[in-house]
Amino acid sequence: MSAEDRYSAAEFARRYKVTEADLAKLCERAGIGPDTVLTRDEFRKLLEEFHKRAFKPRRAIMENLKEEAKSTSVVKEKKVKNSRKASFSRLAAARKLTPARVAALKICTGWKDDAKITEAELDAAIEKHLKNRG
């Protein structure tokens with residue numbers, strides 16, 4: 001079969017082992033009928049475009065799902081981090097803050113050892129008072 005051979009779209013579909021359902025979709029998208037006579041090159045181009053369109057949305061959907069999963073996991077982490085309140089002394093010990101830094105935070109923020117704060121509040125205080133002193 002040379003490139004100039006002409007067959008119907010249905011015959012090419014049979015030769016290229018395209019299912020009937022895919023042939024119907026291909027014909028619908030291309031605006032042709034199964035009995036339309038094409039060259040091999042024309043059919044190949046139609047088939048390539050059909051496959052590009054058929055698989056591109058699936059890739060985009062998968063990428064969007066991955067991005068959503070990332071963003072929701074970050075949001076969940078933030079919620080967990082913000083929702084847990086513990087005493088200032090416990091959080092400072094968990095962070096292994098030096099006594100000098102603990103004293104500086106107590107002075108700057110007015111917190112006592114038993115003040116209930118979240119990790120996010122402690123992070124913000126560290127950023128504001130200890131890292132940006134300079």
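Laboratory data are not the source of any read-out in this text; all were calculated from the coordinates shown. Only a predicted model underlies this, so the values are computations on that prediction, with no experimental measurement involved. Using ideal geometry, Cβ is built from the backbone for each residue, glycine included, and neighbour counts are taken over all protein chains shown.
Label zone (Tyr7, point 7 Å along Cα-to-C-beta; backbone nitrogen cut-off 17 Å) within the stretch 37-52: 37-48. Across the stretch 100-117, coupling constants 3J(HN,Hα) worked out from phi with the 6.51/-1.76/1.60 Karplus curve, θ = phi - 60°, read 5, 5, 4, 4, 5, 5, 4, 5, 5, 9, x, 6, 9, 4, 9, 5, 8, 9 Hz, and Gly and Pro carry x.
Note that the stretch 7-21 has calculated 3J(HN,Hα) couplings of 9, 6, 4, 5, 5, 4, 4, 5, 5, 8, 6, 8, 5, 5, 5 Hz, one per residue in order, obtained from phi through the Karplus relation 6.51 cos²θ - 1.76 cosθ + 1.60 (θ = phi - 60°); glycine and proline are x.
Which FRET efficiency value, to the nearest 0.05, do you get for Lys106 and Glu67 by plugging their Cβ-Cβ distance into 1/(1 + (r/R0)^6) with R0 = 30 Å? With R0 = 30 Å, the Cβ-Cβ based efficiency is 0.15.
Here the Karplus curve 6.51 cos²θ - 1.76 cosθ + 1.60, taken at θ = phi - 60°, turns the phi angles of the stretch 29-36 into couplings of 5, 7, x, 10, x, x, 8, 5 Hz, with x standing for Gly and Pro.
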